[in-house]
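Colleague: Structure in C-alpha cells, see below.
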Amino acid sequence: MRVLRAITCSSMLLLSGVSHAAESVEVVHWWTSGGEAAALQVLKKDLEAKGIGWTDVPIAGGGGTEAMTILRARVTSGNPPTAVQMIGFDILDWAKEGALSNLDQVAAKEGWDKVIPGALQKFSKYEGHWIAAPVNVHSTNWVWINKEALDKAGGKEPTNWDELVALLDKFRAQGISPVAHGGQPWQDATMFEAVVLSLGTDFYKQAFIDLDPAALGGDKMKEAFDRMTKLRSYVDDNFSGRDWNLASAMVIENKAGLQFMGDWAKGEFLRANKVPGKDFVCMRFPGTQGAVTFNSDQFAMFKVSDSKVPAQLAMASAVENPTFQAAFNVVKGSVPARTDVPDTDFDACGKKGIKDLSEASANGRLFGSMAHGHANPAAVKNAIYDVVTRQFNGELSSEDAAAELVTAVAAAK
Ligand code: BGC
C-alpha cells in the first residue's frame with residue numbers, strides 16, 4: 001500500500017510538473033561573470049523557494065564553447081547532468097542523438113506554444129516535441145558606450161560606419177582605448193556578425209543563414225573583413241585572450257570608449273551600479289537599427305534516472321513563469337522568452353531590447369546569431385570562427401579570408 005501510494009504520489013508530481021522537497025537539479029552553465037552570476041542567483045533562489053535543491057556546475061568561458069566540450073565528455077562517459085544551459089543548434093544536435101528529456105507535459109499544461117515565439121520554438125522543439133525551456137532572448141548587435149567619453153566627444157551616437165570611425169578617433173584623442181575587446185574566437189565572431197549585418201540584412205541572411213558561397217566569398221565580405229582590420233587598429237595591445245567581462249570593465253572604469261557585445265554586457269554595468277543613459281549608452285551597432293541578431297539561452301534536460309524527472313519538469317516550469325522571466329532578465333540584460341511579459345520592470349535598454357525584438361520579428365529582420373549558434377550547427381560556426389579570428393589577428397588578408405570562408409564552410413557542412 002505504501003509502495004502504491006508512493007507511486008501514485010510520484011506520478012501526481014509528474015503530472016503536475018511541480019516538485020516539493022528533496023528534489024534537486026545539477027545544472028551545467030557558463031554564467032560565471034559578476035552580472036551572469038547575479039542572474040543565476042535569481043534562478044537558484046526561485047528554485048530553492050520551490051523546494052528544489054541546486055548543484056552548481058559552472059564552466060567558465062563566454063559563449064559556452066568550454067561548457068559544451070565538458071558536457072560532451074560527461075555524456076560520453078555515461079554521466080549526464082540533469083539540466084544544461086544551451087544555445088541554438090547545440091540543443092537540436094543533442095535532441096537528434098536522443099539524449100534529451102521530453103517536456104511536452106509541462107509545456108502543454110502551461111500553454112508554451114502560444115507565448116513562446118516561433119523563432120525560439122525552432123530550437124526548443126525537436127520533431128514536434130518540447131526538449132528545452134527558453135529562459136531569455138539576448139541580442140548581439142549592441143554597442144555599450146561610456147557616457148562621459150561620448151559626451152566629451154560631442155555626445156552624438158554614431159549612426160553609420162563613418163560616424164563610428166570618427167567617434168573612435170575622438171576616443172583615441174582622449175587617451176583611452178577606443179574599443180574594449182577580448183581576443184577570443186567567439187568575441188571576434190560577435191563583433192564580426194554585427195559588421196556583416198551593418199552591410200545589409202539580405203547580406204547577413206545570404207552569408208550566415210543560407211551559407212551562399214557568393215555572399216561568403218564576395219566583395220561585400222571582403223569589405224566586412226576590411227572593417228574588422230580597421231576595428232583591430234582601435235583595440236589595445238593586451239586584448240588577446242581577455243574575457244568579455246574584463247573588456248566591459250574597461251568601459252565601466254573609463255579606460256575604454258565602447259564595447260561591441262551582446263546585451264549580457266548590460267549585466268556587468270548594472271552590477272557595477274551604472275545607470276543606462278547616465279553612465280552608459282546602449283545602442284545598436286551603427287547601420288543595424290531595426291534589425292536584430294538573437295540568441296536564446298535555454299535549459300535542456302538530459303535523460304537521467306526517472307527519479308529526477310519531477311525536478312526537471314519543475315525547473316522547466318519555474319523558468320517559464322512570467323514573474324520569474326521578468327525578475328531574471330532584468331538582471332541578466334536579456335529580454336523575456338515569452339511575449340506576454342510586460343516591460344514595466346525593465347530599464348531603458350531592456351525596454352528598447354523588447355521593442356526592437358518584436359519589431360524586427362514583425363518586419364522579417366530578425367536573424368539567428370551566427371556567433372552564438374543560432375544560424376548553423378557547431379561545425380559550421382567553428383569553421384567561421386577560425387577564419388574570422390585568423391583574419392582579425394592579421395594572419396589572412398581580407399581577400400584570402402573571404403575565399404577561405406567559402407572553402408571552410410563547404411568542408412564543415
Ligand atoms: C550566452 C549568454 C552569456 C554570454 C557570455 C552567450 O552565448 O547566451 O547568456 O552571458 O554567452 O558568456
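The values are calculated or read from the model by the stated rules, or taken from the named source; none is laboratory data. As the structure is a computational prediction, the values presented were derived from the model and not from experiment. Positions of Cβ are generated from backbone atoms using ideal geometry, with glycine treated the same way; all protein chains shown enter the neighbour counts. What goes into the accessible areas is simple: the full protein's heavy atoms, side chains included, and nothing from ligands, DNA or RNA. Shrake-Rupley method; radii C 1.70, N 1.55, O 1.52, S 1.80 Å.
Colleague: Among the GluC sites (Glu not before Pro) in the range 174-255, which ones are in a DSSP loop with at most 13 other Cβ atoms within 10 Å of the Cβ? Mind listing them?
Modeller: E253
Colleague: How far, in degrees from 0 to 90, does helix 161-173 lean away from the longest principal axis of the Cα atoms of the chain, to the nearest 10?
Modeller: Taking Cα atoms only, the helix is inclined about 80 degrees.
Colleague: Quick check for me: using +1 on Lys/Arg Cβ and -1 on Asp/Glu Cβ, what's the dipole size of the range 322-410 about its Cα centre, in debye to the nearest 20?
Modeller: Charge dipole of the range 322-410: 300 debye, to the nearest 20.
Colleague: Here is a follow-up. What is the local net charge at F324, summed over the other residues whose Cβ is closer than 15 Å to its Cβ (Lys, Arg +1; Asp, Glu -1)?
Modeller: That works out to -2.
Colleague: Right, here's the next one. Could you work out what % of the accessible surface of the range 285-380 is carbon and sulfur, using a 1.4 angstrom probe and leaving DNA, RNA and ligands out of the count?
Modeller: Values: 1680 of 3060 Å².
C and S fraction of accessible area: 55 percent.
Colleague: Still on this structure, please answer the following. Considering only DSSP beta bridges whose two residues both sit in the chain, what percent are antiparallel, to the nearest 5?
Modeller: Working: 22 of 39 bridges.
DSSP beta bridges in the chain are roughly 55 percent antiparallel.
Colleague: Could you tell me which of rounded, prolate or oblate describes the range 281-413, using a ≥ b ≥ c as the square roots of the eigenvalues of the alpha-carbon gyration tensor, with rounded for a/c under 1.5 and, failing that, prolate when a/b is larger than b/c and oblate otherwise?
Modeller: It comes out oblate by the Cα gyration axes.
Colleague: Kindly identify the range 123-268 as rounded, prolate or oblate by the Cα gyration tensor criterion: order the square roots of the eigenvalues as a ≥ b ≥ c, call it rounded if a/c is under 1.5, otherwise compare a/b with b/c, prolate if a/b is larger, else oblate.
Modeller: Oblate is the answer for the range 123-268, as a/c is 1.5 or above yet b/c matches or exceeds a/b.
Colleague: Over all Cα pairs of the chain, how is the pair count split among 10 Å bins, expressed in % and running from 0 up to the last occupied bin?
Modeller: The distribution over the chain is 5, 23, 32, 24, 11, 4, 1, 0, 0, given as percents.
Colleague: Could you check how much of the accessible area of the range 206-272 is carbon and sulfur, as a whole percent, using a 1.4 Å probe?
Modeller: Looking at the range 206-272 in its full context, I get 43 percent from C and S.
Colleague: With angles folded into 0 to 90 degrees, how steeply does helix 309-320 sit against the dominant principal axis of the chain? Use alpha carbons for both and round to 10.
Modeller: The angle comes out at about 40 degrees.
Colleague: Please give the per residue accessible area of the range 61-179, computed with a probe of 1.4 Å over protein heavy atoms only, in Å². Please report the intermediate quantities before stating the final value.
Modeller: Values: 4710 Å² over 119 residues.
Accessible area per residue, the range 61-179: 40 Å².
Colleague: Also, quick follow-up: Tell me, what ³J(HN,Hα) does each residue in the range 248-254 have, in order and in whole Hz, if you take phi through Karplus 6.51 cos²θ - 1.76 cosθ + 1.60 with θ = phi - 60° and put x for Gly and Pro?
Modeller: Taking θ as phi minus 60°, the curve returns 4, 4, 4, 6, 4, 8, 6 Hz for the range 248-254.
Colleague: Right, something else. With n ≥ 4 as the cut-off for DSSP H runs, can you work out [θ] at 222 nm for the chain, using -39500 (n - 2.57) per run divided by the number of residues, rounded to the nearest 500?
Modeller: Calculated mean residue ellipticity at 222 nm is -15000 deg cm²/dmol.
Colleague: In debye, nearest 20, what is the charge dipole magnitude of the range 94-142 about its Cα centre with +1 on Lys and Arg Cβ and -1 on Asp and Glu Cβ, if you could check?
Modeller: 100
Colleague: Could you list the trypsin sites (Lys or Arg not before Pro) in the range 214-291 that lie in coil according to DSSP, counting only those with at most 13 other Cβ atoms within 10 Å of their Cβ?
Modeller: Loop-located and lightly packed - K278.
Colleague: Just to confirm the number: angle between the C-alpha axis of helix 378-392 and the first principal axis of the chain, 0 to 90 degrees, nearest 10?
Modeller: Approximately 20 degrees, to the nearest ten.
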